[in-house]
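Participant: Below is one structure. I have some questions about it.
The values are calculated or read from the model by the stated rules, or taken from the named source; none is laboratory data. Bear in mind that the values here come from a model prediction, so they are computed numbers and not experimental data. Cβ placement follows ideal geometry from the backbone for every residue including glycine, while neighbour counts extend to all protein chains displayed. We work out accessible area using only protein heavy atoms, side chains counted, and drop any ligands, DNA or RNA first. Shrake-Rupley method; radii C 1.70, N 1.55, O 1.52, S 1.80 Å.
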Amino acid sequence: MADYQSILSIKVQHEYYNSFKDELAPFDIIADENTEILFRQYSILVKSRPGTIQLVVDAESFTDLAALTQEFNLMFYLVSTDSVVRSITGMPNAFDIASINAEFTQGNSMQIRVDNWINCDQLNEFTQHQGTTIYNKNLIGILSIHIPKKLFNLDKKTITLQFNTISTYWKYYLCSLNSTANINIAGSSGIASSFTEQANEQILNQTARVFISDHRIPLMKVCAESFSLLSDKKTIVKLLPLPDANNTSIQLIDGSMRLTSHIYVACN
């Protein structure tokens, strides 16, 4: 009976999505053409689901092949399955591609924070792949893996990739509020409010009182700190909503251009 074992697992994490326990980033991990050929040569089975992939082999036949192998190189494309991923990922330029090099040198486990990016003009220099995957607008990363002969064995190896989220200034538009009431936004940490009230704005024929965070705040699905709207220590809104990742823009605030998240709140 065949003895199947996992020899490599790849997991993609993202700060925005990882705010939920054990949630992986919405990525497909796709092998390039040369890697697909290697899979057939080594009879490697692929088990995948969003954000993760495992390579599984028949232990006996793989051991025989590994003994004849000097080095093992793989390449994967990381393609986002959520249209918002690119807009909420920290990168130098809007259409950059992450270039990730994972080289096993001694241990069997690697955690890589994704911080090396290439622009579209460099993409053809990076890979000679002739397929269509590299032209997919949802391509966000290219992962190259190198396993030297001394580590090319049945010991399970793991690679965890960590993408950073962006940080934005949070701008709350508070509608249906008494324009003279003394209000403020307080955080659950007990630290003094880090939001400053701005001039009122008109939103859909309503006057909105506007508060903007004094500092950029990381964009998360779930934040460690929550914010409440208070009036003379009386709670008006216990939990103010978090920003929608699709509702950001660059605004001129206090003489500087700031990436801003717009959050609309109806207060009754």
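Participant: Kindly indicate whether any position in the stretch 113-127 is hydroxyl-bearing (Ser, Thr, Tyr) and modelled with pLDDT of 90 or more. Show your work before the answer.
Facilitator: First, the residues of the stretch 113-127 that are hydroxyl-bearing (Ser, Thr, Tyr): 127.
Subsequent filtering for residues that are modelled with pLDDT of 90 or more retains none.
No, the conditions are met nowhere in the stretch 113-127.
Participant: Now for a separate question. For the stretch 210-258, which residues satisfy the criterion of being over 26 Å from residue 85 (Cβ atoms) and touching an Asp or Glu at 6+ places or on another chain (Cβ under 7 Å)?
Facilitator: Answer for the stretch 210-258, where residues must be over 26 Å from residue 85 (Cβ atoms) and touching an Asp or Glu at 6+ places or on another chain (Cβ under 7 Å): 210, 211.
Participant: Within the stretch 44-64, does at least one residue satisfy the condition of being of a type in the set (Gly, Ala, Ser), buried (at least 17 other Cβ atoms within 10 Å of the Cβ) and over 29 Å from the mean Cα position of the chain (by Cα)?
Facilitator: So the first thing to find is which residues in the stretch 44-64 are of a type in the set (Gly, Ala, Ser), and the list is 48, 51, 59, 61.
Among the residues that remain, those that are also buried (at least 17 other Cβ atoms within 10 Å of the Cβ) are: 51.
Okay, now just the ones that are also over 29 Å from the mean Cα position of the chain (by Cα), so none.
No, that holds for no residue.
Participant: For residue 83, work out the one condition from (1) open to solvent by 50 Å² or more (accessible area, probe 1.4 Å); (2) over 15 Å from residue 246 (Cα atoms); (3) under 15 Å from the mean Cα position of the chain (by Cα) it doesn't fulfil.
Facilitator: (2)
Participant: Taking the conditions exactly as written (within 14 Å of the chain's Cα centre (by Cα) and either in the same structural domain as residue 29 (by the TED database) or open to solvent by less than 90 Å² (accessible area, probe 1.4 Å) (or both)), does residue 75 satisfy them or not? Steps first, answer last, please.
Facilitator: Details: within 14 Å of the chain's Cα centre (by Cα): no; either in the same structural domain as residue 29 (by the TED database) or open to solvent by less than 90 Å² (accessible area, probe 1.4 Å) (or both): yes.
So residue 75 fails the test.
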